[in-house]
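Enquirer: One structure, pasted below without further comment.
Just so you know, all these numbers are worked out from the coordinates, no wet-lab data involved. Since the structure is predicted, the reported quantities are computational estimates derived from the model, not experimental observations. With ideal geometry, Cβ positions are generated from the backbone for all residues, glycine too; neighbour counts draw on all protein chains shown.
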């Protein structure tokens with residue numbers, strides 16, 4: 001491993017000192033990268049005059065289910081304590097979004113913040129979640145109920161990690177690209193339309209360009225929106241997510257984030273057309289792109305009944321408002337590339353939109 005990018009980031013701050021580093025590896029990436037632990041150890045051996053890998057890379061369970069296990073947070077804290085990691089030390093996490101969230105939360109709460117470097121390894125984390133400032137774990141059955149805002153010292157996107165992903169995980173990152181294009185960048189949306197066939201067959205060049213552009217747009221919003229730590233109630237990058245978060249919860253996180261967001265986008269796009277915010281042909285165009293990329297836009301859990309007797313997704317709307325910490329603010333679209341904030345949603349129209357999607361789904365099955 002001759003690339004010195006990581007070594008330059010880890011450069012000791014004081015002459016004569018070696019930088020202490022603790023590396024966590026998401027277990028899920030080992031199938032496609034079985035030699036990665038040994039390559040990491042070799043990388044640090046070749047630079048041991050400056051860098052101190054305090055122990056062999058530590059395997060960490062990934063996937064959303066790991067964020068439901070508080071004991072994993074305590075285990076990371078125990079590792080940091082055992083190896084006397086301090087605020088001048090670095091934690092490196094190599095993995096998917098859930099692993100980045102989990103390890104990032106533990107690192108940001110130890111010593112009020114141990115330095116963190118993220119190596120996202122999925123399309124979702126490279127194009128969206130891995131480039132932000134948020135860390136979190138699930139609690140009370142709610143997604144990211146416990147968490148922190150903490151700026152990582154670096155995020156390193158390496159497209160080589162994407163090659164070994166199963167197709168479902170390669171596809172997952174497309175949905176966040178479509179989302180950010182719908183609210184911010186019409187030309188990016190049109191580029192994905194033009195290359196939809198290439199993306200659907202996971203052409204490496206097309207995939208890498210979409211994930212790179214998605215990451216740039218997400219980072220541009222986080223750095224330039226004036227509200228990186230979400231003090232207000234507006235969260236444009238959560239377009240489609242109020243439904244998605246509830247679906248993930250209802251399915252015990254069996255529905256992956258990308259698939260849930262695709263359904264959430266479909267609900268919000270259909271709703272936007274139903275209330276006259278966008279033209280029906282614009283909603284249809286957006287839904288068709290999601291379908292061309294391989295996403296299903298309906299799940300029967302949209303009809304699940306909640307504890308209150310209302311539909312669970314309507315309870316999800318209130319949970320989303322609570323998570324925002326005040327006024328309900330939902331991002332919808334008034335045109336491709338034109339996000340708009342609304343502070344109320346017609347519950348009857350939401351349920352009618354779900355029925356529209358169910359009919360669409362049934363028609364596709366019969367076709």
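Enquirer: By how many degrees, between 0 and 90 and to the nearest 10, does the Cα long axis of helix 97-109 differ from the longest principal axis of the chain?
Expert: For 97-109 against the chain, the angle is about 60 degrees.
Enquirer: Tell me the Kirkwood hydrodynamic radius of segment 258-343 in angstroms, computed as one over the mean inverse distance between distinct C-alpha pairs. Present the calculation step by step, with values, prior to reporting the outcome.
Expert: Numbers: mean 1/r = 0.0715 Å⁻¹.
Value: 14.0 Å, from the Cα pair sum.
Enquirer: If each Cα of segment 70-186 is one equal point scatterer, what is log10 of I(q)/I(0) from the Debye formula at q = 0.13, 0.20 Å⁻¹?
Expert: -0.53, -1.09
Enquirer: Hey, if you drop one equal point scatterer on each alpha-carbon of segment 167-366 and run the Debye formula without solvent, what base-10 log of I(q)/I(0) do you get at q = 0.10, 0.15, 0.16 Å⁻¹?
Expert: Here the Debye-derived log intensity ratios amount to -0.39, -0.91, -1.05.
Enquirer: For a paramagnetic label modelled at 7 Å from the Cα of residue 4 toward its Cβ, which residues of segment 87-119 fall within the zone defined by backbone nitrogen distances under 20 Å?
Expert: No residue passes the distance filter.
Enquirer: At 0.36 nm per residue, and after removing the present C-alpha to C-alpha distance, how many nm does the segment from residue 31 to residue 288 gain when stretched out fully? Mind showing how you got there, number by number?
Expert: Values: separation 257, 0.36 × 257 = 92.52 nm, distance 3.31 nm.
Length gained, residue 31 through residue 288: 89.2 nm.
Enquirer: So for each of 24-34, 345-355 I average, over its residues, the number of other beta carbons within 10 Å; can you give me the resulting order with the highest mean first? Show your work: numbers first, answer last.
Expert: Values: 24-34: 17.8, 345-355: 16.1.
Going from most to least packed, we get 24-34, 345-355.
Enquirer: Could you give log10 I(q)/I(0) at q = 0.10, 0.12 Å⁻¹ for the chain, computed by the Debye formula over C-alpha point scatterers of equal weight, without solvent?
Expert: Log10 I(q)/I(0), no solvent term: -0.63, -0.89.
Enquirer: Considering all projection directions equally, how large on average is the shadow of the alpha-carbon convex hull of segment 1-72, in square nanometres? Intermediate values should be presented prior to the final figure.
Expert: Details: hull surface 24.0 nm².
Seen from a random direction, the Cα hull of segment 1-72 projects 6.0 nm² on average.
Enquirer: While we're looking at this one, here's another question. Compute the angle between helix 241-250 and the longest alpha-carbon principal axis of the chain, please, reported from 0 to 90 degrees and rounded to the nearest 10.
Expert: Around 80 degrees separate the two axes.
Enquirer: Express as a percent, rounded to the nearest 5, the fraction of DSSP beta bridges in the chain (both residues included) that run antiparallel. Don't skip to the answer; put the middle values down first.
Expert: Numbers: 11 of 30 bridges.
In the chain, approximately 35 percent of DSSP beta bridges are antiparallel ones.
Enquirer: Hey, could you pull the Cα Rg and Dmax for segment 300-361, both in Å?
Expert: Both quantities, over Cα of segment 300-361: 13.1, 37 Å.
Enquirer: Give the order of 140, 149, 320 when sorted by the count of other beta carbons within 10 angstrom, beginning with the fewest.
Expert: Working: 140 6, 149 14, 320 19.
Ascending number of Cβ neighbours within 10 Å: 140, 149, 320.
Enquirer: Using 1/(1 + (r/R0)^6) with R0 = 56 angstrom and r between the beta carbons of residue 342 and residue 39, what's the FRET efficiency to the nearest 0.05?
Expert: Details: r = 49 Å, r/R0 = 0.88.
Taking R0 as 56 Å, the efficiency between residue 342 and residue 39 is 0.70.
Enquirer: What order, most packed first, do the peptides 263-275, 104-116, 58-70, 40-52 have when packing is the mean number of other Cβ atoms within 10 Å of each residue? Before the final figure, lay out the partial values.
Expert: Details: 263-275: 24.3, 104-116: 20.9, 58-70: 18.5, 40-52: 14.8.
Sorting 263-275, 104-116, 58-70, 40-52 by mean packing, highest first, produces 263-275, 104-116, 58-70, 40-52.
Enquirer: What does the extension gain come out to for residue 49 and residue 65, with contour length at 0.36 nm per residue minus their alpha carbon separation? The partial results should precede the final answer.
Expert: Details: separation 16, 0.36 × 16 = 5.76 nm, distance 3.88 nm.
Once the chain is fully extended between residue 49 and residue 65, it gains 1.9 nm.
Enquirer: Sticking with this one: Measure nothing but the geometry: give the 0 to 90° angle between the long axis through the Cα atoms of 36-45 and the longest principal axis through the Cα atoms of the chain, rounded to 10°.
Expert: So the helix axis and the longest Cα principal axis differ by about 40 degrees.
Enquirer: Which order do the peptides 337-344, 131-138, 74-81, 287-294 take when ranked by the mean count of other beta-carbon atoms within 10 Å per residue, highest first?
Expert: On the way: 337-344: 14.1, 131-138: 21.0, 74-81: 16.1, 287-294: 18.2.
My ranking of the peptides, most packed first, is 131-138, 287-294, 74-81, 337-344.
Enquirer: Still on this structure, please answer the following. Rounded to whole Å and sorted largest first, list the principal axis extents of the Cα atoms in segment 5-162.
Expert: 47, 34, 24 Å, listed from the longest principal axis down.
Enquirer: Please report the relative contact order for the chain, taking Cα pairs under 8 Å with a sequence separation of at least 6, and give it as a percent rounded to a whole number.
Expert: Working: 619 pairs, mean separation 47.8, N = 367.
Reported relative contact order: 13 percent.
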